[in-house]
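One structure is given here, and the rest of the page talks about it.
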Amino acid sequence: MQCHKCHKENINKANYCRYCGTKFSEEEKEKASYYGIVGILRRIEKWYKATTAYDITQELWFKLSSVIILLVSGIYWTISLGTGIHLLESSLYHVFYQQEQDEYYVFVNGPKEDILEVPLQIYIPNTVDGLKITHYDEDNSVISEEEHGTKSELSLPVNISGNTYYIISDISNNEKPLKIRIYYGE
């Protein structure tokens, strides 16, 4: 610390100049301490403490940004996945959605001899009590109809010949039904 009267250097903790005896004010001692090695170390320690996870999570800006991120991601996933029953992708098959006919085409991967049924991955909202699977032939006549629980995997036979399809719907008819055609190939 430099004396403001005689301009000689003194230690930072000094109360008086050792050359002329001038008393140092608290402001001068703090200023000298701030620019000394101890001051630098204190600033580093203060910065480190301010960046710890506990201190950051206690900040209002962090709490608000976390809530906003959760809301935006929830809205994004709701929009992209939808809220109704829908078919999910799988490594066992490819899904194509035909908007004009409002139906899904599922193309099973693998040779015809090995795969007679395909386990479909289906997103089912919590509001659904059960599923009704109706199998139709080319003439839109019902081949079979059965009810299932709300498990998200459902195995259906692959169309070997003809143009049959399935309608998967909510038992209580609250959700839009899925029309699915299952074929071999890509």
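The values are calculated or read from the model by the stated rules, or taken from the named source; none is laboratory data. What you see is a predicted model, and the numbers here were worked out from it, not measured in a lab. Quick reminder, even Gly has a Cβ in these numbers, built from the backbone with ideal geometry, and neighbours come from all protein chains shown.
Results, tabulated for the structure shown:
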| read-out | value |
| --- | --- |
| When residues of segment 59-108 are limited to those that are surrounded by fewer than 11 Cβ atoms within 10 Å (Cβ to Cβ), of a type in the set (Ser, Thr, Tyr) and not in a loop (DSSP other than H, G, I, E, B), the one modelled with the lowest pLDDT | Ser80 |
| Options Lys112, Lys5: the member that is touching a Ser or Thr at 6+ places or on another chain (Cβ under 6 Å) and assigned to a loop (DSSP other than H, G, I, E, B) | Lys5 |
| Top-ranked residue in segment 40-53 [being modelled with pLDDT of 80 or more and in contact with a helix residue (DSSP H, G or I) (Cβ under 9 Å, 6 or more places away or on another chain); ranked as farthest from Asn12 (Cα to Cα)] | Arg43 |
| Any hit, segment 98-108, residues being free of Cβ contacts under 8 Å to residues at least 12 places away in the same chain and either of a type in the set (Ser, Thr, Tyr) or closer than 20 Å to Thr164 by Cβ (or both) | yes |
| Index of the failed condition, Leu116 passing every other in (1) of a type in the set (A, V, I, L, M); (2) touching a residue at least 40 places away in the same chain (Cβ under 8 Å); (3) more than 21 Å from Tyr93 (Cβ to Cβ); (4) surrounded by fewer than 17 Cβ atoms within 10 Å (Cβ to Cβ) | (3) |
| Criterion (exposed (fewer than 14 other Cβ atoms within 10 Å of the Cβ), assigned to a strand (DSSP E or B), among the hydroxyl-bearing types (Ser, Thr, Tyr) and touching a residue at least 12 places away in the same chain (Cβ under 8 Å)) met by exactly one of Ser155, Ser144 | Ser155 |
| Options Ser144, Ser169, Ser91; residue that is touching a Pro at 6+ places or on another chain (Cβ under 6 Å) and not assigned by TED's automatic domain parsing to the domain that holds Trp77 | Ser169 |
| One residue from Ile124, Ile56 being of a type in the set (A, V, I, L, M) and at pLDDT 80 or above | Ile124 |
